[in-house]
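Participant: The following block contains the structure, expressed as structure tokens.
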Amino acid sequence: MTILGACKVMPRRALRTALIAIALVSMYIFASPSAQAHRVNETYVYFNVTETSLAGRFEVMLSDLDEALGLDRDSDGAVSDVELQAEQDRIFEYFAERLFIRSDGVALQLAPEPITSFKTAVGKFVQIWFSVPGVTVAPDAIEVDYRPLSDALGRSHTCLLYTSPSPRDR
């Protein structure tokens, strides 16, 4: 079936406005935090290397964290911010026991920083922040051994490691 005359010619100004609107909506969708590449069953470990320090964070889905540690104390089916903050020390210890960092053959210890969270299209992520005390000069290299949540969750769980460029790499 062919329909003739169904297309209406749009004035040039209206067409331009429509194209700008489409471009702006596309930019908003693809640049928004909810469009980040965070996915289910993945933990992210970020390292921030500066001239005088080494720090970082883990990012993990709250649902994965709850499944591994049982954070929903009142069993209402959701982990509240209050429940999350109450378990901050236990959460940090859980991750610190799974991340081993060495520099020049020396084991580095993690120190906890406050836990934060953010929402994405796939769910809420928890950020477990840490610092590495005693690092006063950017290390030339670090060795990292991380055991993801698969032992606790009984399924495939991926870990992605990201580092900021060392000041020496610039």
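The values are calculated or read from the model by the stated rules, or taken from the named source; none is laboratory data. Predicted, not measured: the structure shown is a model, and the values here were computed from it. Every residue, glycine among them, receives a Cβ derived from its backbone with ideal geometry; neighbour counts consider all protein chains shown. Quick note on the areas: whole protein, heavy atoms, side chains included, nothing else; ligands and nucleic acids left out. Shrake-Rupley method; radii C 1.70, N 1.55, O 1.52, S 1.80 Å.
Participant: Taking amide H atoms as placed 1.01 Å from N in the peptide plane, list the residues 5 or more away in sequence, or in a different chain, whose amide H sits under 5 Å from that of residue 43.
Facilitator: 158, 159, 160
Participant: Shape of segment 97-160 from its Cα gyration tensor (a ≥ b ≥ c, root eigenvalues): rounded if a/c is under 1.5, otherwise prolate when a/b > b/c, or oblate?
Facilitator: Oblate.
Participant: Under the classification rounded if a/c is under 1.5, otherwise prolate if a/b is larger than b/c and oblate if not, where does segment 52-112 fall, given a ≥ b ≥ c as square roots of the Cα gyration tensor eigenvalues?
Facilitator: Prolate, because a/c is 1.5 or more and a/b exceeds b/c.
Participant: Can you work out ³J(HN,Hα) from phi for every residue in segment 128-138, in order, using Karplus 6.51 cos²θ - 1.76 cosθ + 1.60 and θ = phi - 60°, giving whole Hz and x for Gly and Pro?
Facilitator: Per residue, the Karplus-derived 3J(HN,Hα) values read 9, 7, 8, 10, 10, x, x, 7, 10, 9, 4 Hz.
Participant: A follow-up question, please. DSSP loop trypsin sites (Lys or Arg not before Pro) in segment 70-159 with at most 10 other Cβ atoms within 10 Å of their Cβ, which ones?
Facilitator: Answer in residue order: 155.
Participant: Ordering 103, 53 by accessible area with a probe of 1.4 Å, largest first, what comes out?
Facilitator: Correct descending sequence by accessible area is 53, 103.
Participant: Under a Cβ-Cβ cut-off of 14 Å, what is the net charge of the residues other than residue 117 that fall near it, where Lys and Arg count +1 and Asp and Glu count -1?
Facilitator: Combined, the nearby Lys, Arg, Asp and Glu give -4.
Participant: Could I ask something else about it? Loop only per DSSP, at most 15 neighbouring Cβ atoms within 10 Å: give me the GluC sites (Glu not before Pro) in segment 40-86, ordered by residue number.
Facilitator: Here the sparse-neighbourhood loop sites are 51.
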